[in-house]
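Q: What follows is a structure written as structure tokens; I'll ask about it next.
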Amino acid sequence: MVEGESEHPDFWLLARGVLELLAGDYFFAQETFASLAGRTESDTIRQQVAILADVGEVLALSRVTDSVELHYYELLSDAGLRTRYPAFRTLVNDKLELVYRKSGRTAKADLLRYGFDAIRKNPSIDALRALDRMADPLNRNRFDRALLADRGRSPRPR
């Protein structure tokens, strides 16, 4: 075998991307996954690259905008994805909650984590105002509507 060549180069490129992801080098992981997706002929590797790229995007989130919320609403609405990767929803919710807290959106973080029960037990004027803004049909997006409807029923499963 010639040096620099492998019997399974796609596997080794996938491993490299996973290691970059684990090391927190999200940019390089995304580059590796994009390169691998463009060259591999394996459907199995393509599926793994797709979910790992999504995981990398979640882990790299530092701010949440309406478009980010809508992106994850659409992604998490995919029944096939939920079935194949049930832990992905928890990962997304945990990351969104963390980013909401860091940006001072504690009411939305509490709603995401605990549902309405936490707000009912420990109400603050700021939390109630934030929820009022979320409930305003002119301000909310599909993610907010789903969050309000889902969290009104029960706390998020862990």
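Derivation of every value follows stated rules applied to the coordinates shown; laboratory data play no part. As the structure is a computational prediction, the values presented were derived from the model and not from experiment. Cβ atoms come from the backbone with ideal geometry, glycine included; neighbour counts cover every protein chain shown.
Q: Would you work out which of Gln30, Gly80, Tyr100 lies farthest towards the positive end of the dipole of region 16-116? Charges go on Cβ: Lys and Arg +1, Asp and Glu -1.
A: Tyr100
Q: Share of Cα-Cα pairs in region 1-60 beyond 13 Å, in percent?
A: So the pairs more than 13 Å apart make up 56 percent of the total in region 1-60.
Q: I would also like to ask the following. Which order, highest average first, do 74-87, 39-52, 103-116, 16-29 follow once you tally other Cβ atoms within 10 Å for each residue and take the mean per peptide?
A: Listed from highest to lowest mean packing, they are 103-116, 16-29, 39-52, 74-87.
Q: Pop a pseudo-label 7 angstrom from the Cα along the beta-carbon direction at both Ile51 and Thr83 and give the gap in nm to one decimal.
A: About 1.3 nm, to one decimal.
Q: Taking the convex hull of the alpha carbon atoms in region 23-150, what volume per residue do you get, in Å³?
A: Numbers: hull volume 15.3 nm³, N = 128.
Per-residue hull volume (Cα only) is 120 Å³.
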